[in-house]
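Since every read-out is calculated from the coordinates, none of them should be taken as a lab result. Bear in mind that the values here come from a model prediction, so they are computed numbers and not experimental data. Note that each Cβ is placed from the backbone with ideal geometry, even for glycine, and that neighbours are counted across all protein chains shown.
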Amino acid sequence: MTTVRCAVRSALLDEPMAGTASRVRRYLLLEMPGPWGVEALRDARLPADLKRGLRRRSRASRVRVLLIRRFRVRTVSRPRVFVVDTNPAQPAAWEGRLIDLHEVLDLDAWSATADPSSGLTRRGEPLFLVCTHGRHDPCCAERGRPVARALSAAYPEQTWECSHMGGDRFAGNLLCLPHGISYGRVTAEDAAAIAGGYLLGRLDLAHLRGRGSYPFAAQAAEWHLRAKLGLTGVNDLVLTGHHIDLPDVTTVFATAAGGSWSVQMRISDAPPQRLTCHATRMLEPPRFQLLQVGRLDTTPT
């Protein structure tokens, strides 16, 4: 019997992507060419003590560690490292090169509030990360590698393959940094346009999963408000309030042009499904239903 891939199944179910971006405030990206195994920080060909140190610091600080590599590059002399803060108010990235990989453990990066500028240089250019971690999930390789190839041709200095970032069933997955904007079901044909739009400060709502620094319901609310108002600028909306009264969530956004909007969502469980190709049990991912959108500062006429 042929097994249906998780990305195919998700698309056939027409599963909404809004509100599914992995929640991450700070990333540490470590260049590590070559195979990553099933779990990158456990199986990659890195020194055992370094892998333990990375796992320990990542768990303690909630800094997300991703391994990265250039498309079809398998050796490097001095690996690069990036620290990215996706704070919506002031997203920023820093970069450097390592002589010894263990240097990464001593960076001032293992806190959501620490200033990582010591030993690193502020980066002005964005980063495009494409998940191609096929050993973790085959959909990421089958759908991610064509995207990585296309983006590497269009934006070679900004594009990296990366280890598992979450949301395998939405492959190809693209993460735009420093804002932490996640896109799903990206193809080689539309990858360059999405990345080019981001460079110009625009979002592609057709593929948008969300902004990872926001709660899941707020990600979905932002998508619905953008769709209603026709706002595609990265900075067109600012999250100013988030109130939870389960199953309902009310999120408030301010617009760059002035004005404030309230978006009310209802959280429910989607039907049980296998969320990855290797999943052995069925899970019920959250589903976000739009209840109401209203302007808060309307002046009676």
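Here are some notes:
- Around the amide H of residue 275, modelled in the peptide plane, lie the amide H atoms of 283, all under 5 Å away and 5 or more residues distant in sequence or on another chain.
- Rg and Dmax of region 129-208, based on Cα coordinates, read 11.1, 34 Å.
- The fraction of Cα-Cα pairs per 5 angstrom bin, counted from 0 for region 72-168, comes to 3, 12, 18, 19, 22, 17, 9, 1 percent, rounded to whole percents.
- Given +1 at the Cβ of Lys and Arg, -1 at the Cβ of Asp and Glu and no other charges, the dipole of the chain around its Cα centre is 780 debye to the nearest 20.
- Amide H to amide H distances under 5 Å link residue 71 with 161, where only residues 5 or more positions off or on other chains count and H is placed in the peptide plane.
- Rg/Rh for the chain stands at 0.97; both radii use Cα atoms, and Rh follows the Kirkwood definition.
- Debye intensity ratio I(q)/I(0), log10, region 93-235, q values 0.17, 0.18 Å⁻¹ (C-alpha model): -1.03, -1.12
- Rounded to whole numbers, the Karplus 3J(HN,Hα) couplings from phi for region 4-14 are 7, 4, 5, 5, 5, 4, 4, 5, 5, 7, 6 Hz, using 6.51 cos²θ - 1.76 cosθ + 1.60 with θ = phi - 60°, and x at Gly and Pro.
- In order through region 209-218: 3J(HN,Hα) via Karplus (6.51 cos²θ - 1.76 cosθ + 1.60), integer Hz, x for Gly, Pro: 8, x, 9, x, 7, 9, x, 4, 5, 5
- Taking 1.002 mPa s as the viscosity and 20 °C as the temperature, the Stokes-Einstein diffusion coefficient of region 13-115 based on its alpha-carbon Kirkwood radius rounds to 145 µm²/s.
- Cα-based values for region 216-295, radius of gyration first and Dmax second, are 14.9, 49 Å.
- Sorted ascending by nearby beta carbons within 10 Å, beginning with the fewest, 207, 242 become 242, 207.
- Among 165, 282, 265, the largest mean-square fluctuation in a Gaussian network model of the chain, built with springs joining Cα atoms closer than 10 Å, belongs to 282.
- Each of 276, 261, 219 was scored by the projection of its Cα onto the charge dipole of region 216-295, and the greatest displacement toward the positive side belongs to 276; charges sit on the C-beta of Lys, Arg, Asp and Glu.
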